[in-house]
Amino acid sequence: MEQFIVKGEVQLNGNVKINGAKNATLPLMAATLLCSGISVLHGVPNLRDILMMQDIMTLLGAKITREGTTLIIDTGNVSRAEIPEHLMREMRASVFLMGPLLGRFRKVRLSYPGGCAIGPRPIDLHIKALERIGAFVGDRFGYIQAEAAELTGGEICFDFPSVGATENAMMAAAVADGTTIIRNAAREPEVADLECFLNKMGAKVIGAGSDTIRITGVGKLNPAEHTVIPDRIEAGTFILAGAITCGDVVVENIVPEHLSAVTDKLQEVGVKINSGLNYIRVRAGGFRGVDVKTLPYPGFPTDLQAPLLAMLTLAKGTSIITETIFENRFKHVDELARMGAKIKVEGRTAIIRGVSKLTGAPVAVHDLRAGAAMVLAALAAEGTSEIDNVFHIDRGYEALEERLRSLGGDIVRRGSN
Ligand code: EPZ
C-alpha cells in the first residue's frame, strides 16, 4: 500500500487551481447512457472513482476515451443493463446507473451497493423514487432487479434530500411519459449541473438547486457536450489546508458561493477570507473553536467535516461538531488522537478540546475525506507523519501530494515497502 510521508510545521503559500467535481462527473457520466451516441465531458478529473465508473460503463458496452481532462463517451453499443457485484462493491456511486439504465432499457439489475466506512448507506429512497414513476423493483439473493413496461410521470417526496436518489429520479423521469415532480429534492450544485446537462441532451428539467424539481418527460434524448462544475469539496480541502498551516493560499477556478457555509464558518474561527469572481483567498487570522452541524446543501457539507475537525484540533477553546448526514463519519478521530488531538465522540457529536500542537505519527486512512483530514493534520504537526492506505485519498483528490508541494508542503508518496 502506498503511503504519504509528511514533514509538518510548514506554512502553505501560493495559488492552486481546482479540478472538475468528482460528485458532478459521476452522475453526468451515468446520464450519457440515456441515449445512443457520442457525448463529451470537459474538466473531468483523473481519479480512481472516475476510472471505476469508466470500467463499469465499458463493461456495459460504452466506449470511453480520455484526451487530457476531456472524456469522449460513445454509448452507441451499450446493450447490457446489469452491473456485476464486484464492481458494485468497489464503488457505491454505481447506484447512479439505475436511473439511466431503467430509462434506456426499461430494466436494470445490480447488486446491493456495499455499505462503506461512513455508514450502511441504503438505497430505499432511490427505489421509492423509481417505483413512483412506474418501476417494479424486487430484490433476491442480494441483487436488485428493476423493470418498467412504461415509465410514467409521478410525484416523489423524499423523506431526506438524498443527492443520489434525486439524481437517479431526474435521469429516469427525463424519459418518462408525462411530468414528474420531486419534492424535498437535494439542492447540491452537482444536482443543478446534472439538470444543465440533461437539458442539453433535450430533456425538460427545471428547479434543480431548489427543493422542488419538475421534469417533463421527452421521447428521446441526444448526446451533448458539457464542462463539469468545479469541485467545491476539493476547494474546501485546500482552503482548510491553508488555514490549518496558517499560510496564505488562493484557491482558483471555483464558484465561491458553493462554499458559503464553509467560508462563513472559517470567518467565525477568525481565519481571513477574501473572495473574487472565481477564487477564494485564505490567510491566517484568529483560531477560535466553533460549533458546526453538517447539513444538506447549502448547509455545511458533510464531506468537509473531517478536514474541518482536523483544523479545529488546534483551535483555542472547545468545538462541537454534529454529523447529521452519515452515521459513522468520525473514523478519523482515533487517528487524530494518535497525533495528540483531544476529541471525545458521543454518537453523532464530536467534542474537540483545542491543543497547542499536534505531533507527527504513523496513521491510517479509512475513507476518502478522513484521509484528507490526516494530511491536513500532518502538514501542521511537529515532526514527520506516515499516512497509510492513500489509495482512499486518490479516489477524490488528483495528485494531492504534488499540488500541496507546489504550495510549499513537504509531502512525498512512498510505495509499499
Ligand atoms: C453523495 O452521496 C456524495 N457522493 C457524497 O460524497 C456526499 O457525502 C453525499 O452525497 C451527501 O452530500 C456522490 O455524489 C458520488 P445521500 P449519496 O444519498 O448520494 C441516507 C464523497 O466523499 N440515504 O445524500 O450517497 C444515506 O445513508 C462522498 O465524495 C438513505 O437513507 O448521499 C446517508 O446517511 C461521500 N436512503 C444520507 O442519506 C437512500 O436511499 C445522505 O445520503 C439514500 C441515502
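Read-outs throughout are calculated quantities, based only on the coordinates presented, and are distinct from any laboratory measurement. Remember, predicted model here, so these are calculated numbers, not experimental data. Cβ atoms come from the backbone with ideal geometry, glycine included; neighbour counts cover every protein chain shown.
Both the radius of gyration and Dmax for region 1-132 are 17.2, 56 Å, in that order, over alpha-carbon atoms. Arranged from fewest to most other beta-carbon atoms within 10 Å of their beta carbon, Cys196, Cys35 become Cys196, Cys35.
Stokes-Einstein, applied to the Kirkwood radius of region 268-417 over Cα pairs at a viscosity of 1.306 mPa s and 10 °C, places its translational diffusion at 99 µm² s⁻¹.
Taking 16 Å as the cut-off, the amide N atoms of region 168-206 that come nearer than this to a point 7 Å along the Cα-to-beta-carbon line of Val218 belong to 170-180, 194-206. Computed over region 22-227, the percent of Cα pairs more than 32 Å apart is 6. Among the listed pairs Lys107/Lys220; Lys22/Lys331; Lys7/Lys293; Lys17/Lys331; Lys272/Lys344; Lys293/Lys342, a Cα-Cα separation exceeding 26 Å is found for Lys7/Lys293; Lys17/Lys331; Lys272/Lys344. Under a 5 Å amide H cut-off, with hydrogens placed 1.01 Å from N, Ile254 pairs with Tyr279 among residues at least 5 apart or on other chains.
Counting neighbouring beta carbons within 10 Å and listing from fewest to most, the residues Tyr397, Tyr112 come out as Tyr112, Tyr397. Computed from Cα atoms, the angle from the helix 232-244 axis to the main principal axis of the chain rounds to 0 degrees. Cα centroid distance between region 1-44 and region 336-401, in Å? Going from one Cα centre to the other spans 21 Å.
The order of the peptides 19-27, 221-229, 151-159 by mean Cβ neighbours within 10 Å, most packed first, is 19-27, 221-229, 151-159. Oblate is the label for region 37-107, because a/c, from the alpha-carbon gyration tensor with a ≥ b ≥ c as root eigenvalues, is 1.5 or above and a/b does not exceed b/c. What share of all Cα pairs of region 298-338, in percent, falls into each consecutive 5 Å distance bin? Spelled out per bin, shortest first, that is 5, 20, 33, 26, 12, 3, 0.
Couplings for region 158-169, taken from phi via the Karplus curve 6.51 cos²θ - 1.76 cosθ + 1.60 with θ = phi - 60°, read 7, 5, 9, x, 5, 4, x, 5, 4, 5, 4, 5 Hz in order; Gly and Pro are left as x. When Leu12, Leu60, Leu314 are sorted by how many other C-beta atoms sit within 10 angstrom of their C-beta, beginning with the fewest, the order is Leu60, Leu314, Leu12. What translational diffusion coefficient, to the nearest whole µm²/s, does the chain have by Stokes-Einstein, given a Kirkwood radius computed over alpha-carbon pairs, a temperature of 4 °C and 1.567 mPa s viscosity? The calculation lands on 59 µm²/s.
For Thr179, what charge total do you get from the other residues with a beta carbon under 12 Å from its beta carbon, if Lys and Arg give +1 and Asp and Glu give -1? Around Thr179, the charge tally is 0.
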